[in-house]
1. Given the criteria more than 17 Å from Asp10 (Cα to Cα), more than 16 Å from the chain's Cα centre (by Cα), in a helix (DSSP H, G or I) and not hydrophobic (A, V, I, L, M, F, W, C), does Arg77 qualify?
2. Would you confirm whether or not the range 47-63 contains a residue that is under 19 Å from Leu8 (Cα atoms), more than 16 Å from the chain's Cα centre (by Cα), surrounded by 14 or more Cβ atoms within 10 Å (Cβ to Cβ) and modelled with pLDDT of 65 or more?
3. Look at Lys88 and say whether it is at pLDDT below 95 and surrounded by 10 or more Cβ atoms within 10 Å (Cβ to Cβ).
4. With the requirement that a residue be small (Gly, Ala, Ser), farther than 14 Å from Asp85 by Cβ and not in a strand (DSSP E or B), what does the range 31-61 give you?
5. Take the residues of the range 4-30 that are closer than 22 Å to Pro86 by Cβ and part of a strand (DSSP E or B): which is nearest to the chain's Cα centre (by Cα)?
6. Would you check which residues across the range 62-71 are in a helix (DSSP H, G or I) and either of a type in the set (Gly, Ala, Ser) or in contact with a Phe, Trp or Tyr (Cβ under 7 Å, 6 or more places away or on another chain) (or both) and list them?
Amino acid sequence: MPKRVPPLTDIQINKERPKEKDSKLADGGGLYLLVTTAGSKLWRFKYRFADKEKLLALGSYPEISLSEARKQREEARRLLANGTDPGKPKKRPGKRRRNDAPTHSRNLPWNGTSARLTTLPNAPAR
């Protein structure tokens with residue numbers, strides 16, 4: 001059975017200061033605030049999908065408030081309940097993926113010049 005964690009408050013978040021190592025403030029349900037040694041406060045959601053532990057970055061505090069982070073956590077949990085990985089980006093129709101670009105030289109047009117130049121034209125001699 002999961003351990004019961006008291007929910008975070010804005011006062012606790014604002015009082016938290018950077019330490020020698022990164023620290024975590026748990027809110028429960030897999031949501032926590034990561035406080036880095038540099039002073040950044042970052043929302044993270046820890047979950048399991050397909051028997052693997054995963055981590056979803058939700059944004060930074062105060063840009064993402066405590067209540068907004070909780071809403072994002074609940075949405076991610078809804079997706080998990082439906083069998084969808086919340087960390088996997090949705091495919092956008094019409095967008096060309098990076099892998100669709102030609103990568104082999106046989107797919108590129110050849111202009112008849114050598115790919116390697118020994119000297120640049122109009123370059124001074126060494």
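The values are calculated or read from the model by the stated rules, or taken from the named source; none is laboratory data. Since this is a predicted model, take the numbers as computed values, not measurements. When we count neighbours, we look across all protein chains shown, and the Cβ atoms used for this are built from the backbone with ideal geometry, even at glycine.
1. In short, yes.
2. There is no residue in the range 47-63 that is under 19 Å from Leu8 (Cα atoms), more than 16 Å from the chain's Cα centre (by Cα), surrounded by 14 or more Cβ atoms within 10 Å (Cβ to Cβ) and modelled with pLDDT of 65 or more.
3. Taking the combined requirement at face value, the residue satisfies it.
4. Ala38, Gly39, Ser40
5. Ranking the candidates gives Lys24 first.
6. Ser67, Ala69
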